[in-house]
1. One residue is enough: does the stretch 88-98 have a residue meeting the conditions open to solvent by 20 Å² or more (accessible area, probe 1.4 Å), modelled with pLDDT of 75 or more and over 18 Å from Phe167 (Cα atoms)?
2. Looking only at the stretch 98-148, count every residue that is under 24 Å from Val74 (Cβ atoms) and in a loop (DSSP other than H, G, I, E, B) and tell me the total.
3. Does Ser177 satisfy the condition of being surrounded by fewer than 20 Cβ atoms within 10 Å (Cβ to Cβ), within 17 Å of Arg100 (Cα to Cα) and among the polar types (S, T, N, Q)?
4. Checking Glu166 against (1) outside any loop (DSSP other than H, G, I, E, B); (2) touching a residue at least 60 places away in the same chain (Cβ under 8 Å): exactly one of these is not met. Which one?
5. What's the number of the only condition in (1) surrounded by fewer than 17 Cβ atoms within 10 Å (Cβ to Cβ); (2) under 14 Å from Asp179 (Cα atoms); (3) in contact with a Ser or Thr (Cβ under 7 Å, 6 or more places away or on another chain) that Ile121 fails to meet?
6. Regarding Glu73, is this residue open to solvent by less than 20 Å² (accessible area, probe 1.4 Å), acidic (Asp, Glu) and either at pLDDT 75 or above or in a helix (DSSP H, G or I) (or both)?
7. Taking the stretch 141-160 as the region of interest, how many residues are surrounded by fewer than 17 Cβ atoms within 10 Å (Cβ to Cβ) and within 10 Å of Leu185 (Cβ to Cβ)?
8. Residue pairs, Cβ under 8 Å, 6 or more apart or interchain, first in the stretch 125-140 and on the phi > 0 side of the Ramachandran plot, second modelled with pLDDT under 85 and among the polar types (S, T, N, Q). List them.
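The values are calculated or read from the model by the stated rules, or taken from the named source; none is laboratory data. These numbers come from a predicted model, not from an experiment. Positions of Cβ are generated from backbone atoms using ideal geometry, with glycine treated the same way; all protein chains shown enter the neighbour counts. The accessibility values were calculated without ligands, DNA or RNA, using every heavy atom of the protein model including side chains. Shrake-Rupley method; radii C 1.70, N 1.55, O 1.52, S 1.80 Å.
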Amino acid sequence: MGDTAEQPPSAPGAGDRDGVLAAVGPRLRELRRRHGLTLAELAERTGINESTLSRLEGGTRKPTLELLLPLAEVHAVPLDELVGAPRTGDPRIHLRPVTRDGLTYVPLSRPGGVQAHKLLIRPSPAGTEPTLRTHEGFEWLYVLAGRLRLILGERSLVLKPGEAAEFDTHVPHWLGSDDDRTVELLVLFGHQGERAHLRARQEPLRGAGDGALRGNN
């Protein structure tokens, strides 16, 4: 008897493709709600009208590459995650830095659960006053390089490389550079913290009062 040739895996059938496409709508709705966006806000950011977005989420509009690309960009997720494509076994994370308010966040984990980021904080312009902010959640951070100034309520602390801190983010807080160098951190936070730092629109947040306002975090 001869050896049996190994057969390549079969391509996904039409039923498999229909299942993948049917799951896109609920995934889009979950991402939008997780990031605290209305359909109107998402339409403004993507250039896709509200009616089309609503039909995409409801499954009555077929997702196309033209529609999914801007949605993947706004939600900061790879396209294959947006459509729920099966993993190929590659464990690497697609790093998509996000910069805002003098901070650069580099995601180190895939969406879902506790989020890990590398955070770069550039020195604030001279004369800038720190803004203490609050939001839902809990944060853990570890200083990789530079000197971090952490204001937490009435306390002001300086953390050096190798030092860590964790705190309830309901307490008014601010992170910044303590000198003229960029600070590098590892930061862990949940969905509420990710939304507050990366997804929310630029709106004034309640702080510690009149005494300490305007800054990076």
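1. Within the stretch 88-98, one or more residues are open to solvent by 20 Å² or more (accessible area, probe 1.4 Å), modelled with pLDDT of 75 or more and over 18 Å from Phe167 (Cα atoms).
2. Counting residues in the stretch 98-148 that are under 24 Å from Val74 (Cβ atoms) and in a loop (DSSP other than H, G, I, E, B) gives 12.
3. Spelling it out, Ser177 is indeed surrounded by fewer than 20 Cβ atoms within 10 Å (Cβ to Cβ), within 17 Å of Arg100 (Cα to Cα) and among the polar types (S, T, N, Q).
4. Glu166 satisfies every listed condition except (2).
5. Every condition holds for Ile121 apart from (1).
6. Considered against the rule, which asks whether it is open to solvent by less than 20 Å² (accessible area, probe 1.4 Å), acidic (Asp, Glu) and either at pLDDT 75 or above or in a helix (DSSP H, G or I) (or both), Glu73 comes out as no.
7. Of the residues in the stretch 141-160, 2 are surrounded by fewer than 17 Cβ atoms within 10 Å (Cβ to Cβ) and within 10 Å of Leu185 (Cβ to Cβ).
8. Correct list of pairs: Gly137/Gln192.
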